[in-house]
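Beneath this line is the structure, given in structure tokens, with notes to follow.
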Amino acid sequence: MKIKFPAFRLGLQSRLAIRKHYKQLLDFLLGLQSRLATTKRYKQLLNSVSVPESGLGRSEWLLSRPLYRFARFELKAVPKPQRARALELQIRQWAPFARTGRYVLWDQENALVWAWDADRVESAISANQLKVKSTSVVPETLLQPCQTQGVCVMTCMEGYEGQVWLDHALTGSRWWPSPPGAGEWINFQRDAGILPEAQSSQVPQPLPLSWSEKPWGKSAALDHSAMYRGQGEQWIVPVAGLCLFIFSMWYGMQLIKLRVAINERTAEYQALSQRAEPVMAARGQALETLNRIKQLQAIDRYPDQISLMGKVAESLPKDGTYLKEWEFVNGKLKMLIASPNKLASSHYIKLFQSSGIFKNVRAAPTNDATSLTLNMETLPQAEIRFAPE
């Protein structure tokens, strides 16, 4: 018994030391995980790049407002399986860049798109020793506070951004290098589709510069957050395995369990990829069908004039008012309305502007109060919200 007793005490001390080292190692790994969860945010301005302090977090490339454009695309008329391809075609027609980078958010039947010059942005990313494919590009607007309704002016890294919000969704955006004047503000609201009676000539006070930790919407096409999490896990596991192998066999068993879990996730990912192959093939067929639909729609973009005349006639009051003249050329419509009574131009401008068929309705000056000449543009069939009967 006297010979075995010192060995017993030595084994107990070893186990206490192992527990102590394990606790220290666990604290170190938790701190390392916290540092990896932070974001290294690079800020690209018009003529410079702001580089963050050194760290271990994932890299995020923040674009200043004048470096990108925003548009909201309505895809209600496009079948759901074909909307992705339709959006791709519309972005190519809208964006003025040779290669377009984009951040896409889906809002039910609409798509919010931020687009930038991919060559310019990727060149700046590479110049800062970052990998283009593993660096998340985020427009500045997506870190600003969300609004619920109305119009506002946001202070940006460079200049100011006017925003229009409808039911918690961004519907319009414009950038100015300095606070907009009253005329610029009115033009912005008019271009955003705000009705004249709802427009305000007073420019609101710009909201202060404020960013959230993460974007308020996740991109449907260019989000690499999952990739960054995977890279962090692959780096932590070998380090943890080496440390735990030195200090304790018990923690080595935990490492083995962790590796088994990673293998299980990898096998699940491969199984999901195989199951997705038929979906990808069906998507290719849907894109081909969408292309044929676009070609057919291009043959006759606008509704037939008989339907348009019928819609206009139904909108006129039943007091002897009638359609006297009609001129339609390439979507441009000019009509003359006559009546035994005096005609109010503002009433008819609002009537046809809100019909969902016409836009940019304007009244031509006339000396006859009982006649009214209106000029307007007809929406293409793909954009009409309520097709004429």
Discussion item. So Ser212 ticks every box in (1) modelled with pLDDT of 85 or more; (2) out of contact with any strand residue (DSSP E or B) (no Cβ under 9 Å at 6 or more places or on another chain); (3) assigned to a helix (DSSP H, G or I) but one. Which box is left unticked?
Written reply: (3)
Discussion item. List pairs: first residue in region 198-212 and open to solvent by 70 Å² or more (accessible area, probe 1.4 Å), second residue part of a loop (DSSP other than H, G, I, E, B) anywhere in the structure, Cβ distance under 8 angstrom, at least six positions apart or on different chains.
Written reply: Leu209/Cys156; Leu209/Met157; Trp211/Gln144
Worksheet entry | Failed condition for Met157, given (1) within 24 Å of Glu74 (Cα to Cα); (2) under 20 Å from the mean Cα position of the chain (by Cα) | (1)
Worksheet item: If we keep just the residues of region 117-136 that are without any contact (Cβ under 8 Å) to a residue 60 or more places away in the chain and assigned to a helix (DSSP H, G or I), which is least open to solvent (accessible area, probe 1.4 Å)?
Response: Ala118
Practice prompt. Give region 195-209 a look and list any residue that's under 25 Å from the mean Cα position of the chain (by Cα) and not in a loop (DSSP other than H, G, I, E, B), or say none.
Written response: Leu207
Practice prompt. Could you look through region 168-194, keep only residues that are over 26 Å from Leu62 (Cα atoms) and not in a helix (DSSP H, G or I), and pick out the one that is most open to solvent (accessible area, probe 1.4 Å)?
Written response: Gly193
Practice prompt. Could you tell me which of the residues Glu140, Glu158 is touching a Ser or Thr at 6+ places or on another chain (Cβ under 8 Å), at pLDDT 90 or above, open to solvent by 40 Å² or more (accessible area, probe 1.4 Å) and charged (D, E, K, R)?
Written response: Glu158
Discussion item. Can you list residue pairs whose Cβ atoms sit under 8 Å apart, with the first residue in region 305-331 being aromatic (Phe, Trp, Tyr) and the second being assigned to a loop (DSSP other than H, G, I, E, B) and at pLDDT 85 or above? Count only pairs 6 or more apart in sequence or on different chains.
Written reply: Tyr322/Leu316; Tyr322/Ser339
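Here is a yes/no grid of residues against (1) in contact (Cβ under 8 Å) with a residue 40 or more places away in the chain; (2) closer than 17 Å to Pro380 by Cβ:
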residue	(1), (2)
Leu75	no, yes
Ala95	no, no
Ala98	no, no
Arg102	yes, no
Response to the item:
The residue that is modelled with the lowest pLDDT, considering only those in region 338-381 that are open to solvent by 40 Å² or more (accessible area, probe 1.4 Å) and in contact with a Lys or Arg (Cβ under 8 Å, 6 or more places away or on another chain), is Gln381
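Within region 311-324, count every residue that is within 39 Å of the chain's Cα centre (by Cα) and either small (Gly, Ala, Ser) or open to solvent by 40 Å² or more (accessible area, probe 1.4 Å) (or both). Please lay out each step first, then the result.
Residues of region 311-324 that are within 39 Å of the chain's Cα centre (by Cα), as a first pass: 311-312, 315.
From the residues that got through so far, the ones that are either small (Gly, Ala, Ser) or open to solvent by 40 Å² or more (accessible area, probe 1.4 Å) (or both) too are 311, 315.
Total satisfying the criteria: 2.
The values are calculated or read from the model by the stated rules, or taken from the named source; none is laboratory data. The shown structure was predicted, so the numbers you read here are calculated from the model rather than taken from an experiment. No Cβ is skipped: glycine too gets one built from the backbone with ideal geometry, and neighbour counts run over all protein chains shown. Surface areas here come from the heavy atoms of the whole protein model, side chains and all, with no ligands, DNA or RNA. Shrake-Rupley method; radii C 1.70, N 1.55, O 1.52, S 1.80 Å.
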